[in-house]
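See structure below.
The values are calculated or read from the model by the stated rules, or taken from the named source; none is laboratory data. Because the structure is a prediction, the values reported are computed rather than measured. Here the Cβ is made from the backbone with ideal geometry for all residues, glycine too, and neighbour counts use every protein chain on show. Ligands, DNA and RNA are stripped out before the accessible areas are found, and what is left, the full protein with its side chains, is counted by its heavy atoms. Shrake-Rupley method; radii C 1.70, N 1.55, O 1.52, S 1.80 Å.
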Amino acid sequence: MIALRTPISLLHLAAAGGQGNRCIGGHRRRGYAQRRHLSVAPESLWTRGPRPPRSPAAAAAAAARSESSTSSLPPPLENAAFEEYYKKQRVVQEEEWDAFMSVLRKPLPATFRVNASCRFLKDICSKLENDFRRSLENEVSDECEEYALSPLPWYPGNLAWHLNLSRKQLRKNPAFESFHEFLKHESEVGNITRQEAVSMVPPLFLNVQAGHHILDMCAAPGSKTFQLLEMIHQSKEPGIFPTALVIANDLKVQRCDVLIHNTKRMCTANLIVTNHEAQSFPSCSLAKDDSEAYKDHCKPRRLEFDRVLCDVPCSGDGTLRKSHDLWRKWSSSMGNEFHLLQVNIAMRGIALLKVGGRMVYSTCSMNPVENEAVVAELLRRSGSSVELLDVSNELQELVRRPGLSTWKVNDRGSWFQTHEDVPDSRKNVILPSMFPSSTSIHEGHTVYTDFDINSEYNVPFSRNFNIEDTNNVNCDTCGISSSNSDQSLGSKFPLHRCMRIVPHDQDGGAFFIAVIHKLSPLNENQVIKVRKTENLLSKNRTMKLQEQCQHIIVSEVLDDKKLLDEQTKLSVANQTSKDGNLIEVKMASDDVEYSQTESGDRSHRMDKLDYQHKWKGIDPVLFFKDEAVIKNIVSFFGIEESFSLEGHLVTRSTDNARRIYYVSKSVRDILELNVRAGEQIKIASVGVKMFERHRSKDGCSCAYRLSYEGLSLLFPYMRKRILHASQVDFQHLLQYRTINFARFADARFGEEAASMMPGCCVVVLREGYQVVDSIAKDPSPIAIVCWRGKATMNVLVSPPDRKELLEYRFGIKAFEVEDEKSNKNIDALAEGGL
C-alpha cells in the first residue's frame, strides 16, 4: 500500500504540473521531472504493460489534435465574407479583382521617409542614392524584377523611399544587414521615419504654411505628427524660430507615451502632446470677463486651428498586407461600429477649425461606411459652412481613384440600400447616416445633380485628370450599367472629390482621404436636423471595438452617460434627439458657458495653479518663474537678451525642478490660455528639454546643465562656456567619451579646458567654425554638450547621437554603442567628478 502511494501522488503532481505549466511557464513540470529522476527510478514505481490498440474514433481524435498542433503556421490569407462584401461594394472593377486580391496577399514593401530638417540631409540622401541603391540592386537582382530601392515619385523632394522587400525579408536576410542597421540607427536619432507609404499622404494635403496652428486629433504612434513637425520647421526662415505649432492628441495614456517617444527625436519647442477623447477635445474658450483682459493683446481667446488632421480609428482593412490577423477577424460589422465615432470626431475637428482652414479626414479602411458615408454626414450636418475640396491638381504623381457615390450596408449577412429597409430591431445600430440616399440635405449646400459619379468608375486618376470633367465619363463599368434606381439611391454630395488609394495601383496599402475647407462658422442657422433614429453606441459595443480594432485601441470613448455629459457642457445647438446623438455644437457663446463650468473660481486663477493638478496621473505643467535661477543660468552660459527665457520655461515638478523645458511663443500662448480657461487641456508632454539639474560636487556655480536635445536652439545665442576643439580631439571625445586634460592632442585645448571653471560647457568642432554676429548667417556648427570635471572632459551625448556624428562628420562606422544602462544615467559623469 505504501508502495502504491508514491506513483499515485506523483500522478496527481504531474497533473498539477500540467496545469502549472500553462500558468507559469512549466516550472512545476520541470521540478516534478527533476525530483522523480533524483529520488526514485521510474521502473521501480510500476511496470508498464503493452499499450492496447486505439479505437478508430480515438485514432481520428489524435490525428485531429496532431493537425491542430501544426496551427503555428501563418494564418490563411483569405476571408469569404471580405471578398463578398467588397465585390458587392464594387471598390474595384470586376476585371481587376484578381489583381487586387493577389496584391493584398503579398507582403507589404518597406518604406521610409528622410527628415527634411535633419542636419545631415544631403549626406543621407547621397548615401541612399549612391551607396545603398546600387548595392541592394546587386543583392536582389534575381528576386526583384525592376528595382530594389527607389524614391516614391509623388513625395516632394524625393525624400520618401520604397524598398522592394518586406520588413521581414529585410530583417532575416544577412545580405541586407548593413542597410537594416542603417535604417534602425537613423530612425533612432530622428533622421529617418519608417512609415507606410499611404500613411505619408494625408499630411501632404493639409498644405501646411508658416505660422499655422495644427491639430492631429488621433496622433499615435506619431509618424504623421513627426511629418507635420518637419513641415513647420522646414517652412521657417534660417535662424528664425517657427511660429507654427502642433498639438498631437491621443486617447490612451500608453499610446501617448509612444507618441512622445517617437516625436522626441525632433527636438522641437513647438509641440504639445495631449490626452483626450478626440470627439470632445476642449476649445479652451474664455468667459467674457477674461476676454476683456485680452482685448489689447494678440493672444488667442479660444483654441482654433488652421489645419486639422483627422486620421480616425477604423477597422483597418487597408492594412491587411501587414496585419495578417485581420484576415481571420474581419467582418462587415467592424466598419458599422466605428461609423458614429468617426462622425463625432470629424465634427469636433470641423468645430475647432478656423474659417478658411483645411481639415483632412482619412482612414486606413476600404469600407464606404467608414469613408464616403462619414464625409456625406459631415457635409449634411455642416450645411454650407464647409465644402469638399477637389485636390486632383495636387500631388499629381500619386495614383488615386474617386470616391464612391453608391454603396450598400451589410448587417448580419443582410444587405440594405436604404435605412427604411432595416428591421426596426436593428435601426438603433444601423444608422441613417450610413446610407448614401439620406434625404436630410441642407438646401444651401451645393448639390451636383447634372451628373452622378458611379461607384463602378474606379480607374486610376491620370496625371492630367480633372475630376470636375467626370460628366463626360461613361460610367458603365464591368459590363454592367447602373440602373436608374441605383442612381436615385446614390449620394447627391460630390463624393467623387474624395480619394481612394488601392493596393495594386502602387504596390502599397489602401487608404481613404477627403479634404474639407471651412467657409463660415458653424451656427444655429446652419444646423441640419439629422434623423432622430440615430443612437449612440453602447458601452458593450465600445468593448467590442477594443477587441476588433487592430489599428487604434479605443476604450471607453462612447459611454452614453459620459458623452451626454460632454454634450451638456458643450451646449449642443438645437435639441439633440432623445437617444442623445450629438448633432451640432455652437461656436462662440456656448463655448463660453463650457469654460465657465470648467474653470471654477476665476479670482485666484492667475495667482495659484491648482487647476494644473486636476488631471489624475498627469504631472502639472508649471511656468518656471524662479528669477534668481534664470538669471544665474543666463549669466553662466552668457545667453543673449534676444533669446528670452522668461515666460518660455516650464517644468513638471511642483518644487525643486529637476528638468526645465523650453516652449516657443505659440506654445506659451496656448499654455497661458489653458491656465485662464481652467486647465481644460490634459497635457502629457510639452516643449523640448533645455536644462537639467545636476548633483555634482565639483563646485559649479550653476545648478543646471544643458541638455543636448535643446542645444541646437540655444547655442546660437550662447557667448560663454564654449571651447573649440580640433578634429582629432573632437573625434576622440566622441569615441572615448571621457578624456583627461593632459591627454588631448592639442595641448592648448587641454589648457583651456583645465582653466575653465567646473560645470557644463559646449565643445565645438574648430574646422570651418566662424563666430558670426547675425543669427540668420549661423552656419550651424557641429557642437556637443560636455561636463568639465576635476581632471577630465566628459561628453554628455547619447551613444546613437555620437555614432551619427562620427559617421557623417568623420566617416567612422565601426563604433560600438554602449548598452542602455550606460545611457540611462548620463548625469553620473557630472556627478562623479572625474
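The stretch between Ser520 and Arg194, if pulled fully straight at 0.36 nm per residue, gains 113.6 nm over its current Cα-Cα span. Karplus-based coupling profile of segment 789-800, in residue order and whole Hz: x, 5, 9, 9, 10, 10, 7, 10, 10, 5, x, x, with θ = phi - 60° in 6.51 cos²θ - 1.76 cosθ + 1.60 and x standing for Gly or Pro. Taking all protein chains together, Asp250, Asp505 sort by accessible area into Asp505, Asp250, largest first [probe 1.4 Å].
With θ taken as phi - 60° and the Karplus curve 6.51 cos²θ - 1.76 cosθ + 1.60 applied, the whole-hertz 3J(HN,Hα) list for segment 345-357 is 5, 5, 5, 5, x, 5, 5, 8, 7, 5, 5, x, x Hz, x standing for glycine and proline. Legend: distances between Cα atoms for Lys689/Lys790; Lys184/Lys264; Lys172/Lys322; pairs beyond 22 Å are Lys689/Lys790.
Counting only C-alpha contacts under 8 Å and six or more residues apart, can you give the relative contact order of segment 334-403 as a whole percent? Each step should come with its number before you reach the end.
Values: 29 pairs, mean separation 23.3, N = 70.
That works out to 33 percent.
Which net charge results for the neighbourhood of Asp306, defined as the other residues with beta-carbon distances under 11 angstrom from its beta-carbon, given Lys and Arg at +1 and Asp and Glu at -1? Don't skip to the end; give the middle numbers.
Working: positive: Arg307, Lys354, Arg358, Lys518; negative: Glu304.
After counting each charged neighbour, the total is +3.
For labels at His324 and Glu394 in the simple 7 Å Cα→Cβ model, what's the distance in nm? Placing both labels 7 Å beyond Cα along the Cβ direction yields 3.7 nm. Charge dipole of segment 161-250 (Cα centre as origin; +1 on each Lys and Arg Cβ, -1 on each Asp and Glu Cβ, all else neutral): 320 debye, rounded to the nearest 20. Around the amide H of Lys682, modelled in the peptide plane, lie the amide H atoms of Asn275, all under 5 Å away and 5 or more residues distant in sequence or on another chain.
Just order 261-267, 498-504, 213-219 by mean Cβ neighbour count inside 10 Å, highest at the front, would you? Show your work: numbers first, answer last.
Working: 261-267: 20.0, 498-504: 24.4, 213-219: 27.1.
With the highest mean Cβ count within 10 Å placed first, the list reads 213-219, 498-504, 261-267.
Between Ser437 and Ser701, the modelled label-to-label distance comes to 8.3 nm, taking each label 7 Å out from Cα in the direction of the beta carbon. Between Glu137 and Ala210, full extension at 0.36 nm per residue minus the direct alpha carbon distance yields a gain of 22.3 nm. Inter-part distance, segment 688-734 to segment 154-182, computed on C-alpha centroids, equals 36 Å.
Placing a pseudo-label 7 Å from each Cα along the Cα-to-Cβ vector at Asp98 and Ala80 gives an inter-label distance of 2.2 nm. Largest to smallest in accessible area, the residues Ser382, Ser685 fall in the order Ser685, Ser382 (1.4 Å probe, all protein chains included).
For Leu303, the residues 5 or more places off, or on other chains, whose built amide H falls under 5 Å of its own are Cys284, Ser285. Karplus-derived 3J(HN,Hα) values for segment 392-401, using 6.51 cos²θ - 1.76 cosθ + 1.60 with θ = phi - 60°, are 5, 8, 9, 6, 5, 6, 6, 7, 9, 10 Hz; glycine and proline are entered as x.
Note: relative contact order over segment 84-177, using C-alpha pairs below 8 Å and six or more positions apart, is 30 percent. Between the amide H of Gly357 and those of Lys518, distances stay under 5 Å, these residues lying 5 or more places away or on another chain, with hydrogens modeled in the peptide plane. Of Tyr708, Tyr717, the order by accessible heavy-atom surface (1.4 Å probe, DNA, RNA and ligands excluded), from most exposed downward, is Tyr708, Tyr717.
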